[in-house]
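These notes are about the structure you will find just below.
The values are calculated or read from the model by the stated rules, or taken from the named source; none is laboratory data. For clarity, every value in this text was computed on a predicted model and none was experimentally measured. Reconstructed Cβ throughout: ideal geometry from the backbone, glycine too, with neighbour counts over all protein chains shown.
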Amino acid sequence: MPNTASDVLIVGAGPTGLTLACTLAQRGARVRIVDAASGPASGSRGKGLQPRTLELFDDLGIVDDTLAHGVFNLPMRYYDETGQSKDDRLQRSPRPDAPFIHSLITPQWRVEETLRHKLGQLGVRVEFGIELTGISQDADGVTAQLSGPAPMSIRIDWLVGCDGGKSSVRQLTGIAFLGETVETYRMLVGDVRVEGIDRDHWHIWKSAEGILALCPLPSTDAFQFQASIAPGQESETSLEVFQGIVDRRTGRHEIRLREPTWMSLWRANVRMVDRYRQGRVFLAGDAAHVHSPAGGQGMNTGIQDAYNLGWKLAAVHSGIGAALLDTYQQERLPIAAGVLGLSNEIMASVVAAGTILLRKDERTLQLDLNYRDSKLTREMRPMAEGVRAGDRAPDAPGLIGPNGSCRVFDLLRGPRATILGFGTHWQPVIGSLQGHIIVSKAAAGSPGHYTDSEGHAQTAYGDSSLYVVRPDNYIGMATLEPTSNPVVDYMNTFLIRKG
């Protein structure tokens, strides 16, 4: 008989799978996570976390550990073919609605390490050396065949493939991976120790032969090596080949590479699925979409897939109707398509310019991604301006409440939905439901009231609406109706456990 000790089986223990496992475990679901690799990955692979991902990590309670292993706004030092250099750094003004406004440079293996530690605190460990070999499903669940030290058959309610671009889950379910591999653009990448350059800059050389970049990896003594290679150029992943590229493209023989810990040949693989789900089997992250590394979008999009799916699976596990899961594909498939287009656009610019470009806009921050067209979204204000249902819930510092000063994100933090009412007139509506009243000037001693002392919350949200914020901190519903009916209906439909 199949083992039935878990509600959800996650295949793949990269950032996507680990985020999903943490999200589920935090919400009380029984989760098992396996990976075919013999142990944790050691290479940097991805190295940038976007602000929206950092906000999700704040919600999970791991943002401080993540920030401790990274650096914001690393200046880029560009070298031309004469060896002359020029420094560039993104300039973005602080925003009260967003605590993070720059990407965080940190190696992917550090992100995974932090997530594994959080998962362990939640009572779950990654099972390495276990491969998925078969899937069968019916109306009541999924039977998965696993190989490893002790091959077994397990029975679960749901299975999620977070196992990368070569996903066995995707292949076993027969979901097509549409797109192409562009052989005309390839890159050698790896983690190496470097002597002869400083660690205070991301160093980038432009030459007739191609691009070379050496980026220091925070919290390590290594650099990430990146070098574009044209068709016909040597593509062997060896220290000798990497050193030769450095010698030719920099013209500086004092720069010496040593002790590589990870080396790979990257090809421009641009693909995505046409659906995120086959019955009780879901895909997330690179199993569903693969991007160029330009713009640092891939790992972040996968993490956000996981956060979107995680709270919904947990809600269904606790009694919400399973139709909620249909919104995962509806919400995330358009996002993945848009991000894929953005990555392609940035990569085309890099190829045309012959160097890595520092983006001056904020499209890559992923703060403006929204679910306004989702079936989960109820915008009930006919003339709404500014933030709308479906948008990311903005932050705002300067709230003064029963326990002192805080931010809006402090009120949203944790695995639940949150009601925010702007103005004391919402007190009867919120009633016994968990919620918060934010006012421009609260009466002394009013319980559950927060004074918007600096006006940032009013700027972000207005001063008269009521919002229901989903567990993933997107606004699910916005209303001006001065009764509890729309709130109760929305909560009962999507967010409150039945029975």
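Can you say whether Leu159 is part of a strand (DSSP E or B) and not aromatic (Phe, Trp, Tyr), as far as the supplied structure shows? Considered against the rule, which asks whether it is part of a strand (DSSP E or B) and not aromatic (Phe, Trp, Tyr), Leu159 comes out as yes. Give the residues of segment 399-410 that are outside any strand (DSSP E or B) and either outside the structural domain of Asp489 (by TED's automatic domain parsing) or modelled with pLDDT under 95 (or both), sorted by residue number. Those that are outside any strand (DSSP E or B) and either outside the structural domain of Asp489 (by TED's automatic domain parsing) or modelled with pLDDT under 95 (or both): Pro402, Asn403.
Let's see how each residue does on (1) closer than 24 Å to Val63 by Cα; (2) polar (S, T, N, Q); (3) surrounded by fewer than 17 Cβ atoms within 10 Å (Cβ to Cβ):
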| position | (1), (2), (3) |
| --- | --- |
| Glu385 | no, no, yes |
| Arg388 | no, no, yes |
| Ala393 | yes, no, no |
| Leu399 | yes, no, no |
| Phe422 | no, no, no |
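Scan segment 221-236 and tell me whether some residue there is surrounded by fewer than 19 Cβ atoms within 10 Å (Cβ to Cβ), of a type in the set (D, E, K, R), in the same structural domain as Gly190 (by TED's automatic domain parsing) and in contact (Cβ under 8 Å) with a residue 24 or more places away in the chain. Taking every residue of segment 221-236 in turn, at least one turns out to be surrounded by fewer than 19 Cβ atoms within 10 Å (Cβ to Cβ), of a type in the set (D, E, K, R), in the same structural domain as Gly190 (by TED's automatic domain parsing) and in contact (Cβ under 8 Å) with a residue 24 or more places away in the chain. Taking the criterion of being without any contact (Cβ under 8 Å) to a residue 24 or more places away in the chain and touching a Leu at 6+ places or on another chain (Cβ under 9 Å), would at least one residue in segment 146-168 satisfy it? Yes.
Checking each residue in segment 1-17 for being β-branched (Val, Ile, Thr) and at pLDDT 95 or above picks out Val8, Ile10, Val11, Thr16. Looking across segment 98-149, the residues that are out of contact with any Ser or Thr (no Cβ under 6 Å at 6 or more places or on another chain) and among the acidic types (Asp, Glu) come down to Glu112, Glu113, Glu127, Asp138, Asp140. The single condition among (1) in contact (Cβ under 8 Å) with a residue 24 or more places away in the chain; (2) within 25 Å of Tyr328 (Cα to Cα) that Ser136 does not satisfy is (1). When segment 95-124 is examined, which residues are found to be more than 28 Å from Trp262 (Cα to Cα) and part of a helix (DSSP H, G or I)? Passing the criteria: only Gln121.
Conditions (1) crowded, with 19+ Cβ neighbours inside 10 Å; (2) acidic (Asp, Glu); (3) modelled with pLDDT of 95 or more, marked per residue:
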| residue | (1), (2), (3) |
| --- | --- |
| Gln243 | no, no, yes |
| Val246 | yes, no, yes |
| Glu259 | no, yes, yes |
| Tyr276 | yes, no, yes |
| Asp286 | yes, yes, no |
| Asn300 | yes, no, no |
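Among the residues of segment 401-420, is there at least one that is among the polar types (S, T, N, Q) and under 23 Å from Ile101 (Cα atoms)? Yes, segment 401-420 contains at least one residue that is among the polar types (S, T, N, Q) and under 23 Å from Ile101 (Cα atoms). Only one entry in Asp191, Asp198 is charged (D, E, K, R), exposed (fewer than 14 other Cβ atoms within 10 Å of the Cβ) and modelled with pLDDT of 95 or more, namely Asp198.
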